[in-house]
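Shown next, in structure tokens, is the structure this report addresses.
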């Protein structure tokens, strides 16, 4: 109502959402997504390994492909009305963008011409979009003469020039060299945020997803296994795949032997470890942990870490300013420590230490 | 002689126009459509490339002759009959080359166009734009097939002086009469016309794209 003032932080508003999605190719289900919402002002990454169904999910959400069942909602519309609205207000950049055999200028202007935008306005918007992506000098160039990085910048300019409400990016940097990728990635996130009201980024590159996105939706075998902020996923992975992609080691395995408070008791290599997770007694589990969460001490000591066990150093490897230290109790684990603590403790193969690790730093996943 | 040259251009040009109106959409539909017997239809179009003009002439003759099913139209031995026969010869050329050209670009083009807001029709035009050079080649091949053809026009036109005589039939007649000079002159004009038409079509495909495909 007019005159009413918001009193609390506003709830995130829905921009585009899809639900109860079921996509099948030749009878085989390849996508099963109960609900995914892109919020106003958000960059949402869909992360998953190759073949997880990410690109299919994007084409369905962009209404370029019809699912066997499910709905997509945009501006309170679904079905044909949503498709009409979205065609006008969305733009998609594919992994391998098709550029029309013509000049860069023609390609960047193509969407505006489809919308019958005034000639002068088209020219000025094309110039603006190209200069934002650093390809202003290429305007007259034939697209056949462009490098891969330049071509993908043209594809991005062509999408951004439309000032789309929703921008879909399907692995936009996957085909580029590492160096080009890094520079494009920076521009991409900045421009996506300043130009659009919401961006859906499809990627198999976890660094890209965690670095650029406000929220990350993880897709595996066609199923959405977790949606959350990068720190949610880092701190509370619900799946061993997510633990792994957020930098955890999954070398430890064991068996659930009991329960203590909210924690599981897992036996691994003859040692009882308290861990987070849900699994029935007797279940075999893999334990995810981050090597930097392991603390080495020359004797058991007072600490809040509820897990401790003796282990012998089997390998020490310098990595930058850090050391990766492999130890075997059993169990066999990997720790990352600083150069100064390695020197202070005298870490070398054969040395024996007490390993301390917090119960909340271990996540058990059924194996 | 001028009227023979103009009649040749009129008959073969009209036949190409008819073949384009039929062949361009037909080739596009066969390339992009998904319907039963599409493969069979495509094979028939390719087989049409090997259709002997005299067989087409015979079929049109039987259709339009006084006692034929369309004999009442009294079209036999008239330019419209020649246009019909040549259109039947040119259509497979236009359709087959169009089909191959449209198929040579993947469905990604239309997906990309739709992803930038194109309607299905706009997406199709942006697809055809990518193969515009080959579409011009399809027209050139169709025209080449009919301007040089003699069998069908001879059979359904009758080579009547001042009415249905065209360059190819005139060359046949003058050679038989021993008027080699006239035959050679007509042959030279025919080659020059074929060259000129192809040059114009090629120039169109290079420079005229902006007019053909609004950008």
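No value in this document is a laboratory result; all are computed from the given coordinates. No experiment lies behind these values; they were computed from the predicted model shown. We place every Cβ from the backbone using ideal geometry, glycine too, and count neighbours over all the protein chains shown.
By the count of other C-beta atoms within 10 Å, a proxy for reagent exposure, A:240, A:231, A:367, B:12 are ordered fewest to most as A:231, A:367, A:240, B:12. DSSP finds beta bridges in the range A:157-280, and of those with both partners inside it, around 75 percent are antiparallel.
Rounded to the nearest angstrom and listed largest first, the equivalent-ellipsoid semi-axes of the range A:1-108 from its Cα gyration tensor are 28, 22, 14.
Estimated at 0.36 nm per residue, the fully extended path between residue B:9 and residue B:39 surpasses their Cα-Cα distance by 7.3 nm. Considering only beta bridges that DSSP places wholly inside chain A, some 75 percent are antiparallel. Relative contact order of the range B:82-215, taken over Cα pairs closer than 8 Å and 6 or more residues apart, is 27 percent. Here the Debye sum runs over all C-alpha atoms of the range A:243-367 as equal scatterers in vacuum, and log10 of I(q)/I(0) at q = 0.11, 0.16, 0.18 Å⁻¹ comes out as -0.35, -0.73, -0.91. Here the residues B:58, A:64, ranked from fewest to most Cβ neighbours within 10 Å of their Cβ, fall in the order B:58, A:64. Between residue A:96 and residue A:328, what length in nm is gained on full extension when 0.36 nm per residue of separation is reduced by their alpha carbon distance? Value of the extension gain: 78.8 nm. With respect to chain A, whose longest principal axis is taken over its alpha-carbon atoms, helix A:119-132 is tilted by about 20°. Normalised by 2.2 N^0.38 Å, where N counts its residues, the alpha-carbon radius of gyration of the protein assembly as shown equals 1.44. Full extension of the segment from residue A:141 to residue A:223, taken as 0.36 nm per residue of separation minus the current Cα-Cα distance, would add 25.2 nm. Each of residue A:76 and residue B:182 was given a label point 7 Å from its Cα along the Cα-to-Cβ line. The distance between the two points is 8.3 nm. The angle between the Cα long axis of helix B:2-32 and the longest principal axis of the Cα atoms of chain B comes to about 30 degrees, rounded to the nearest 10.
Which whole-number percent is the relative contact order of chain A (Cα, under 8 Å, 6+ apart)?
This gives 15 percent for chain A.
The value of relative contact order for the range A:188-306, using C-alpha pairs under 8 Å at least six residues apart, is 16 percent. Considering all C-alpha pairs of the range A:239-312, those separated by over 20 Å amount to 33%.
How many angstrom lie between the C-alpha centres of the range B:148-176 and the range A:69-131? That distance is 55 Å.
Between residue A:66 and residue A:297, the FRET efficiency from the beta-carbon distance, with R0 = 41 Å, is close to 0.10. Note on chain B: helix-only mean residue ellipticity at 222 nm, from DSSP H runs of 4+ residues weighted -39500 (n - 2.57) and normalised by residue number, equals -25000 deg cm²/dmol. Here the ratio of the Cα radius of gyration of the range B:1-66 to 2.2 N^0.38 Å is 1.45. Taking each DSSP H run with n ≥ 4 as -39500 (n - 2.57) and averaging over every residue of chain A yields -8000 deg cm²/dmol at 222 nm. With one equal scatterer per alpha carbon and no solvent term, the Debye-computed log10 I(q)/I(0) for chain B at 0.07, 0.13, 0.14, 0.18 1/Å reads -0.26, -0.80, -0.89, -1.22.
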